[in-house]
1. State to the nearest 20 debye the size of the charge dipole of the chain about its Cα centre, where the only charges are +1 on K and R beta carbons and -1 on D and E beta carbons.
2. Listed highest first by mean packing, meaning other Cβ atoms within 10 Å per residue, what order do 120-130, 391-401, 170-180 come in?
3. State the Cα centre-to-centre distance between segment 359-376 and segment 312-327 in whole Å.
4. Past the 20 Å Cα-Cα mark, which pairs from K140/K172; K172/K198; K151/K198; K140/K180; K122/K277; K122/K408?
5. Hey, got a sec? Which GluC sites (Glu not before Pro) in segment 151-242 land in a DSSP loop and have at most 14 other Cβ atoms within 10 Å?
6. Based on DSSP H assignment, which helices of the chain show an axial Cα extent of at least 20 Å together with a mean Kyte-Doolittle hydropathy greater than or equal to -1.0?
7. Return the equivalent ellipsoid semi-axes of the chain as a descending list in whole Å, where each equals the square root of 5 times an eigenvalue of the C-alpha gyration tensor.
8. For segment 322-373, just the Cα atoms, rotate onto the principal axes and tell me the three extents in Å, largest first.
Amino acid sequence: MTKKVLMTLLEDKKFKSIHEVLSVYNPVDLAEVLSQLDAQDLALVYRMIEKEKAAEVFAYMDNDQRQELLDTFTTEEVTYILDSMSADDAVDFLEDMPANVVTHLLEQVDGETRAAINQLLKYPEDSAGSIMTVEFIELKAGMTVRQALDKIRTVGIDSETVYTCYVVDRHKLTGIVTAKDLMLSADDTKIADIMTDKFLSVRTTDDQEFVANQFRKYGLIAIPVLDSEGCIVGIVTFDDAIDVLTEETTEDMHRMAALTGENEESYLKTSVFQHAKSRIIWLMILMFSATITGSIITRYENAFAAVPLLVSFIPMLMDTGGNCGSQSSTLVIRGLAVGELQFSDTLKVIWKEFRVAALVSVALAVANGVRIYLMYHSARMAVVIAASLVLTVVVAKLVGCLLPIAAKKCRLDPAIMASPLITTIVDTCSIVIYFRIATVVFAI
């Protein structure tokens, strides 16, 4: 359903037709459709969604849409939504609201929902505890399969997932059992006989990116979250992991592009001022750092006077070095992000990048050396450019691979050592290399 169709139905006051159409839509698609409406129409159409589906649609909306709806909701409507949302979705919603509003809303919901939300709100931001849900299915080892299935039918509707159930003894996680195991076992089989005590788990204080990477590495649907005493307090599901990976990837892309600040809004919804603010700091730093390169060039004014042709090759050398460094840093940052590379692999990375640099630099040097000799009939200029390219590419590759690893070792985000910073460093190195070689070859 497009905005045009929906607006036509609204103008014709065909509310029954709208309700029927909305009932067959997926909550994610509904949230996308509603995002195209203004505040007045949004509130009207939202109230036509089935109550059971409305809370889920609300969870998929962005903060601006939610705020627009809250401005029109009664206290009872807000309470119903919070009670119907999963605890982790409710926490994501409340974290972006003022503290006094959060307090007021929590006073309206039932005690169980309030306790679950408060439990999640107390965990550190970006931790496993902050993204987990407390709605999961607990089983006892002494239960039979029939009893377990009966419990799933009773509480499964309020659980985040029924595909994996958790066997608990005095709050301690002793094993897990899957829905497949339950369905393929006889009704009188004990849970203890089909559960497995070999399972992955994370701690409430573990970083959310580490948790998300466990899903990517092991292909999990859900992972239990334990407290410091080994008691299960919640689970993280794959949809939460996907959200984390998307958020972390966006953050890394911002840092690799030298954008400061963390703005969760979309590109179009971010104000011009905010865009400028997030870019100007790094651009200022890089601009002033480039003065180092300028001062080095100034020192070689005599070389320009003696061989004016030297100036024309500066952009080519700097761009080539910057591109080579960016290639290496991108691959290393990706390897660090997915756990393929560790600090202990530093020497292996250096050796590999050195060999890559040797092959790439020789190919570039030969191509440029021949081109320059044919164009300018200067063997010495061809030698200067070829030698400068070889050394520049080698230095750029090594800088590009080492800086992200060093950042990771210092517990910094490797992405901050990406293209802009590496390019600035490599530019300076390439200029020094170029003029050192030129002064020797031309005896300036």
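The values are calculated or read from the model by the stated rules, or taken from the named source; none is laboratory data. What you see is a predicted model, and the numbers here were worked out from it, not measured in a lab. Glycine also receives a Cβ, built like all others from the backbone with ideal geometry; neighbour counts cover every protein chain displayed. In case anyone asks, the SASA skips ligands and DNA or RNA and just uses the protein heavy atoms, side chains included. Shrake-Rupley method; radii C 1.70, N 1.55, O 1.52, S 1.80 Å.
1. Numbers: 39 positive and 60 negative charges, 602 e Å.
In total the dipole reaches around 2900 debye.
2. Numbers: 120-130: 17.6, 391-401: 25.3, 170-180: 16.0.
Put in order of decreasing packing, that is 391-401, 120-130, 170-180.
3. Each part reduced to its Cα centre gives a spacing of 14 Å.
4. On the way: K140/K172 11 Å; K172/K198 14 Å; K151/K198 23 Å; K140/K180 17 Å; K122/K277 31 Å; K122/K408 28 Å.
Too far apart for the 20 Å limit: K151/K198; K122/K277; K122/K408.
5. Numbers: sites: E160, E209, E229; in loops: E160, E229.
The qualifying sites are E229.
6. Details: long enough: 238-256 (26 Å, -0.71); 272-299 (40 Å, 0.94); 314-337 (34 Å, 0.45); 346-376 (42 Å, 1.09); 379-409 (45 Å, 1.76); 419-441 (32 Å, 1.52).
For the chain, where a helix must reach 20 Å along its axis and average at least -1.0, the hits are 238-256, 272-299, 314-337, 346-376, 379-409, 419-441.
7. Numbers: eigenvalues 643, 180, 71 Å².
Rounded to whole Å, the semi-axes are 57, 30, 19.
8. 46, 18, 11
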